[in-house]
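So the structure is just underneath, and the comments pick up after that.
The values are calculated or read from the model by the stated rules, or taken from the named source; none is laboratory data. Every value quoted in this text rests on a predicted model; they were computed, and no experiment measured them. Backbone-built Cβ (ideal geometry, glycine too); neighbour counts: all protein chains shown.
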Amino acid sequence: MMRKPASLRRGDVIGVVSPAAAVDEGKLQAGVRLLEQAGFRIRLGAATLKKAGYLAGTDRERLTDLIEMFQSPEVKAIMASRGGYGSGRLLPLMDPTMARSHPKIFVGHSDLTFLLNDLVQRAELVTFHGPLVAGLNEHPEAAATLLAMLSGDRVGWHQPAQVVVQPGMAEGVLVGGSLSVIVSTLGTAWALETRDRLLFLEDVNEKPYRVDRMLTQLRQAGVLDDVAGVIFGEMVGCTAGDNERVTVRDVIAEAFASAPYPVAFGLPSGHGMGTLTLPLGVRARLAGERLTLLESPVTE
């Protein structure tokens with residue numbers, strides 16, 4: 001049975017960690033100020049601003065921050081500072097029972113797809129595919145929508161995509177995130193479970209032929225065989241070269257031309273506008289282009 005974190009209230013402490021790449025201090029502080037202005041107290045992990053090459057500190061330092069935030073009784077939510085690369089290195093070191101014993105809001109996207117889905121699968125904890133702290137100041141609407149959902153409001157329960165690729169209606173538990181990250185888990189102990197689930201896929205700056213390659217790999221691995229439905233994000237920057245006419249929507253339409261389940265495109269969660277927060281591990285319905293949550297992602 002999935003565990004849901006408690007809803008967020010003004011005055012609560014939000015822990016900020018960097019499980020992946022090193023973060024720009026100025027962008028991080030701008031995001032922290034926005035959260036503070038919204039009425040929350042912020043605690044930075046000890047390694048949040050560290051640098052170890054392209055990573056925010058060593059694997060052990062980044063993992064220790066994450067564990068301490070989950071175990072701290074004062075911290076009510078945990079947000080990632082940025083994505084980049086590095087979260088997947090923590091998977092073999094993570095103890096899922098730790099997070100399940102201390103269910104808390106965990107927010108991120110991009111490289112954080114590794115941790116978001118691992119917490120859903122192994123810890124059976126609802127997580128949130130939402131904005132990163134270092135980008136909040138540039139996307140205040142995304143921040144407002146995130147905080148409303150985490151507080152228990154029904155804001156964002158009805159989320160329209162842009163295009164229907166395959167019509168139909170289906171219900172299932174939401175999983176997914178970055179397409180390239182999900183592909184990179186194939187053949188590992190952390191491969192995403194997709195049977196009877198609504199699969200959300202998004203990415204940034206991947207050329208159409210690379211999206212084609214990744215969808216082909218998912219299809220050949222059987223990942224797309226038994227899904228309930230598929231919802232794509234905006235796929236911002238996924239454009240062809242100057243002499244190419246194939247678009248990413250062309251690639252997706254071809255890949256799912258014979259799909260027996262609904263497929264939609266253009267849900268603004270993650271890269272791009274990122275205005276919507278998508279809770280993972282909760283049941284939802286995809287009907288045409290509209291995604292509707294069927295249960296609250298937080299408890300009162």
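What strands (runs of 3 or more DSSP E), lying completely within region 255-300, carry at least 3 residues that are assigned by TED's automatic domain parsing to the domain that holds Lys76, of a type in the set (Gly, Ala, Ser) and touching an Asp or Glu at 6+ places or on another chain (Cβ under 7 Å)?
Passing ranges: none, list empty.
Among what's in region 158-177 and is within 15 Å of Tyr261 (Cβ to Cβ) and in contact with a Ser or Thr (Cβ under 8 Å, 6 or more places away or on another chain), pick the residue that is surrounded by the most Cβ atoms within 10 Å (Cβ to Cβ).
The qualifying residue surrounded by the most Cβ atoms within 10 Å (Cβ to Cβ) is Gly176.
Among the residues of region 178-187, count how many are buried (at least 22 other Cβ atoms within 10 Å of the Cβ), among the hydroxyl-bearing types (Ser, Thr, Tyr) and either under 16 Å from Gly266 (Cβ atoms) or touching a Phe, Trp or Tyr at 6+ places or on another chain (Cβ under 8 Å) (or both).
Here the count works out to 0.
Tally the residues that are loosely packed, with under 15 Cβ neighbours inside 10 Å and closer than 11 Å to Gly270 by Cα, restricting the search to region 226-241.
Going through region 226-241 one residue at a time, the tally reaches 0.
Please pick out the residue among Val204, Val227 that is β-branched (Val, Ile, Thr) and either touching a residue at least 60 places away in the same chain (Cβ under 8 Å) or out of contact with any Lys or Arg (no Cβ under 7 Å at 6 or more places or on another chain) (or both).
Unique residue meeting the criteria: Val204.
Among (1) in the same structural domain as Gly108 (by TED's automatic domain parsing); (2) surrounded by fewer than 16 Cβ atoms within 10 Å (Cβ to Cβ); (3) touching a residue at least 24 places away in the same chain (Cβ under 8 Å), which single condition is Gly31 missing?
Failing condition for Gly31: (2).
Would you pick out the residues in region 25-57 that are out of contact with any Ser or Thr (no Cβ under 9 Å at 6 or more places or on another chain) and more than 20 Å from Ala142 (Cα to Cα)?
If the condition is that a residue be out of contact with any Ser or Thr (no Cβ under 9 Å at 6 or more places or on another chain) and more than 20 Å from Ala142 (Cα to Cα), then Glu25, Lys51, Gly53, Tyr54 are the ones that fit.
Listed residues Arg197, Arg249, Arg219; which is more than 28 Å from Ala6 (Cβ to Cβ), in contact with a strand residue (DSSP E or B) (Cβ under 9 Å, 6 or more places away or on another chain) and at pLDDT 95 or above?
Arg249
Is it fair to say Ser151 is within 26 Å of Val32 (Cα to Cα), among the small types (Gly, Ala, Ser) and within 14 Å of the chain's Cα centre (by Cα)?
Taking the combined requirement at face value, the residue does not satisfy it.
Filter region 136-157 down to residues that are under 23 Å from Val23 (Cα atoms) and among the small types (Gly, Ala, Ser) and give me whichever is surrounded by the fewest Cβ atoms within 10 Å (Cβ to Cβ).
Ala144
Picking from Leu293, Leu286, which residue would you name as being surrounded by fewer than 24 Cβ atoms within 10 Å (Cβ to Cβ), touching a residue at least 12 places away in the same chain (Cβ under 8 Å) and closer than 22 Å to Asp153 by Cα?
Leu293
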